[in-house]
Amino acid sequence: MKKTIITISRQFGSGGRSVGRAIAEKLGIPFYDKELVEQIALESGFAPNFVEEHGEHSPGKSILSYAFNSTGVPGVMNGLSTADFLWSIQCSAIMQVAEKGPCVIVGRNADYILKDREDVLHIFIHADMDYRADRIVRLYGESEKSPTSRLQEKDKRRSVNYQHYTGRTWGTAENYDICINTAVIGIEEAANIVVDVVNRSK
């Protein structure tokens, strides 16, 4: 089946968002990143910055961090915890945009949420620590934490969130159709590879 929907999972700082945007531009299809955050915020009632932070990151670095956020209030958010309520809205929003037609979706466990659709191509973007550290400093500037610490914390919380809601291991090659190292391939060529695969799919 023709692959018309592309999900982009990525390590922090690897350029996954840039790869996804380039793919969308080359294919002339919608790109969902901040747009998806805004839709989820509208439907959930949460602030966009809350959705941005908690939609794909765990509360802490351990899977146990969800244990302290496991119960909801009867009559509020369908009795779900904040995290679970956000997850349910996120799943619905991602399935809705996929139903609209060809698109690129960045992050938010979209690879798992759309795993049963045959028209989806799942991509994982990664790179070595030095490349990513240099890139986040250039893009986001310095902070109190070292670039390495920032990368490790983001990746860990993203990994824990993925494990909690999917039961799978984040970044494991078997969960994706294509894994690309942008430190070796480059962002533009990574996009070209994916576009070529999409155009060749039947």
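The values are calculated or read from the model by the stated rules, or taken from the named source; none is laboratory data. Keep in mind it's a predicted model, so treat the numbers as computed, not measured. Cβ: placed from backbone, ideal geometry, glycine included. Neighbour counts: every protein chain shown. Please note that ligands, DNA and RNA were not included when accessible areas were found on the heavy atoms of the full protein model with its side chains. Shrake-Rupley method; radii C 1.70, N 1.55, O 1.52, S 1.80 Å.
Quick look at the values:
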{"quantity": "Projected label distance in nm at residue 92 and residue 53, using a 7 Å step from Cα toward the beta-carbon", "calculated": "2.4"}
{"quantity": "Long-range lysine pairs (8 or more apart or interchain), the chain, Cα under 14 Å", "calculated": "6"}
{"quantity": "Three-way shape call for the range 28-187 based on the alpha-carbon gyration tensor, with the a/c threshold at 1.5", "calculated": "oblate"}
{"quantity": "Within the chain, helix-based [θ] at 222 nm, where runs of 4 or more DSSP H residues each add -39,500 (n - 2.57), nearest 500", "calculated": "-15500 deg cm²/dmol"}
{"quantity": "Relative contact order (%) - criterion: Cα under 8 Å, at least six apart; region: the chain", "calculated": "38"}
{"quantity": "Average accessible area per residue (Å²) across the chain - probe 1.4 Å, nucleic acids and ligands excluded", "calculated": "48"}
{"quantity": "Hz values of 3J(HN,Hα) by residue in the range 188-202 - Karplus curve (6.51, -1.76, 1.60), Gly and Pro given as x", "calculated": "5, 5, 4, 5, 4, 4, 5, 4, 5, 5, 4, 5, 8, 5, 10"}
{"quantity": "Solvent-accessible surface (1.4 angstrom probe) belonging to residue 129, in square angstrom, nearest 10", "calculated": "70"}
{"quantity": "Estimated FRET transfer efficiency when R0 is 22 angstrom, pair residue 200-residue 117 (beta carbons, to 0.05)", "calculated": "0.70"}
{"quantity": "Derived scalar couplings ³J(HN,Hα) [the range 103-112; Karplus, 6.51 cos²θ - 1.76 cosθ + 1.60; whole Hz; x for Gly, Pro]", "calculated": "5, 10, 10, 9, x, 6, 6, 4, 4, 6"}
{"quantity": "Contour minus Cα-Cα distance for residue 178 and residue 137 (0.36 nm per residue)", "calculated": "12.1 nm"}
{"quantity": "Using θ = phi - 60° and Karplus 6.51 cos²θ - 1.76 cosθ + 1.60, couplings along the range 32-37 (whole Hz; Gly, Pro as x)", "calculated": "10, 9, 4, 4, 5, 4"}
{"quantity": "Residue 153/residue 192 FRET efficiency (R0 35 Å; Cβ-Cβ; nearest 0.05)", "calculated": "0.65"}
{"quantity": "Carbon/sulfur fraction of accessible area - the range 68-202, other protein chains in place, 1.4 Å, %", "calculated": "50"}
{"quantity": "Gain upon complete extension [residue 185, residue 166; 0.36 nm per residue less C-alpha separation]", "calculated": "4.0 nm"}
